[in-house]
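Structure first, commentary second.
The values are calculated or read from the model by the stated rules, or taken from the named source; none is laboratory data. Since this is a predicted model, take the numbers as computed values, not measurements. Cβ placement follows ideal geometry from the backbone for every residue including glycine, while neighbour counts extend to all protein chains displayed. We work out accessible area using only protein heavy atoms, side chains counted, and drop any ligands, DNA or RNA first. Shrake-Rupley method; radii C 1.70, N 1.55, O 1.52, S 1.80 Å.
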Amino acid sequence: MTGKNSVGYKLSALGTRTFQTFNPVENSYNETIFVEAVSQEIEEAVLLASNAFEEFKGISHFKKAAFLSRIAELLTEKEDVILQRYIRESGLSYERGKIEMKRTIFQLTSFSELVKENNWRELSIDLADDSRIPLKPDLRKMLFGIGPVVVFGASNFPLAYSTIGGDSVSALAAGCPVIVKSHPLHAGTGELVANCVLQAAKETEMPNGIFSNLNAEGFEVGVALVNHPLVKAVGFTGSIKGGRALFDIANQRPEPIPVFAEMGSVNPVVLLPKSLEPKVDEWSTMYADSISASCGQFCTNPGLLFCVKSNASDEFVEQLTKKLLQKDAQTMLHPSIHSSFERLKTERLEDEAVRYFEKEGELDCNVGRQTIALVSGKHYQNNPNLEEEVFGPFSLVVECESVNEIIACLKKLNGQLTASVLGKVDEVNEHLDVVKVLQNKVGRIVFNGVPTGVEVCPSMHHGGPYPASTDARFTAVGIDSIKRFARPIAFQNCPDELLPGELKHSNPLNLVRREK
Ligand code: NAP
């Protein structure tokens, strides 16, 4: 571990500002000193990325695919060392790390396949028609990488949404060099992963600058990267505050650029009253597990549960609370995440209309005290703050008088990543308005399940209307996420010899094309 920045293939530490990562379980700093990047290193990384972008265009898709799969192989080889560091920088368990690593590797191999098949570019051809008046030109269109991309990862996914997580791999697959603003809470994990990416890049002869990893604890480095004129897009996973700040900066540039920010969410859940009665035990177990998974530190954590107050709902709340509170409390990612969990929770619980049940007893440092809070539907509608995400093992149950009152609450919700509806098909049919309202608010609707556990596959949509993301049209998970970092270019009456192979008349690459 060097604590240095990777500016393309070069290690560099020109700055004087340093920081250390923190082990939340031992409540002490990890030993490595990380050196923050300075403007000269930022400038160099972006220039290299801009040159690499041009060079990368000329590299065959087979070689690009080999680059991505080589990263996957190196991560597999280095898995143990990386996970040791991951645990010490996040407090997350080895088992959780294994799952996240598997997912990261799966994402790399899926994108490697996609790039090798070369069928993601939405090839479209409209042939000329000389007999038409006016003449119809020959038009051929396909997707190309947008240019250098800056990636910001989230604290709660040191692998799958970080250095070579979903944003970085989809940008590279689209043909875009990546500059990672390393997350300061897991800078060591970031460095180990970046080493694998850079080794794979060297071995597969990728241009210098295809990947850089810059350290920083404060905002300056990230802001300078987003403001750099040669940067063409941003991938962000993190809080609404952070994502919105970077989105605003990107839009105030002389040349605005897209920011694909995946942000926080409370993931509302609706428990339909008739279906709840026979399912109290099953659903309370399912939701106690979901709320407590990884100490509630998931963007898909179910933070709001809507039910109609009845004997069954009372029983559900009792069982949910009992099952959640009897679980061992877990360490949170960092003291600052723990203190903001406590602060946001206290703000909710200070409201006199909110009742709550918390895990009792003395807890170790940085451990999140799981909590279930309760409020009436009427009061919920009068206090918009109750919708804000409390990042951690917390969920608010909203007890309504009727399904109509639930619908009134749902109508007030902001955009969300997910919503869940629990109910038998007949009862869902009786209350189709619940689904209709949610459909306008979310990117994914879960039936009779939990929102946590985001499957990585082409049919997944991970995103949603603002503030869940800054662009609801795109997903951050699955191969379609490549579209965020690609843009179409149309060629009109272009001589065949000048066309890219994908669009040539004879279809020499034998690709699927829309042709008319
Ligand atoms: P965060 O505090 O927003 O930080 C994310 C990254 O953005 C960090 O590198 C941070 O740099 C940087 N950053 C934040 N604000 C910035 C600003 N104003 N200017 C420049 N850079 C800025 O988020 P986090 O605490 O790491 O992650 C937890 C949050 O992520 C939760 O809200 C969770 O729900 C969300 N999340 C969303 C998804 C999703 O897919 N939608 C997935 C996972 C997590 P510094 O740390 O150096 O400040």
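Things worth noting here:
- Checking E117 against (1) touching a residue at least 60 places away in the same chain (Cβ under 8 Å); (2) away from the ligand (no atom under 16 Å from the Cβ), the condition it does not meet: (1)
- Screening N311 on (1) within 23 Å of I406 (Cα to Cα); (2) among the polar types (S, T, N, Q); (3) crowded, with 16+ Cβ neighbours inside 10 Å shows it passes everything except condition (3).
- If you check L68, L108, L114, L47 for being of a type in the set (A, V, I, L, M, F, W, C), farther than 30 Å from V25 by Cα, part of a helix (DSSP H, G or I) and open to solvent by 70 Å² or more (accessible area, probe 1.4 Å), only one passes: L47.
- Among the strands (runs of 3 or more DSSP E) confined to the range 118-173, the ones with at least 2 residues that are buried (at least 24 other Cβ atoms within 10 Å of the Cβ) are located at 149-152.
- Which numbered condition P302 fails, given (1) more than 9 Å from the ligand (Cβ to nearest atom); (2) within 30 Å of R487 (Cα to Cα); (3) of a type outside the set (D, E); (4) part of a loop (DSSP other than H, G, I, E, B): (2)
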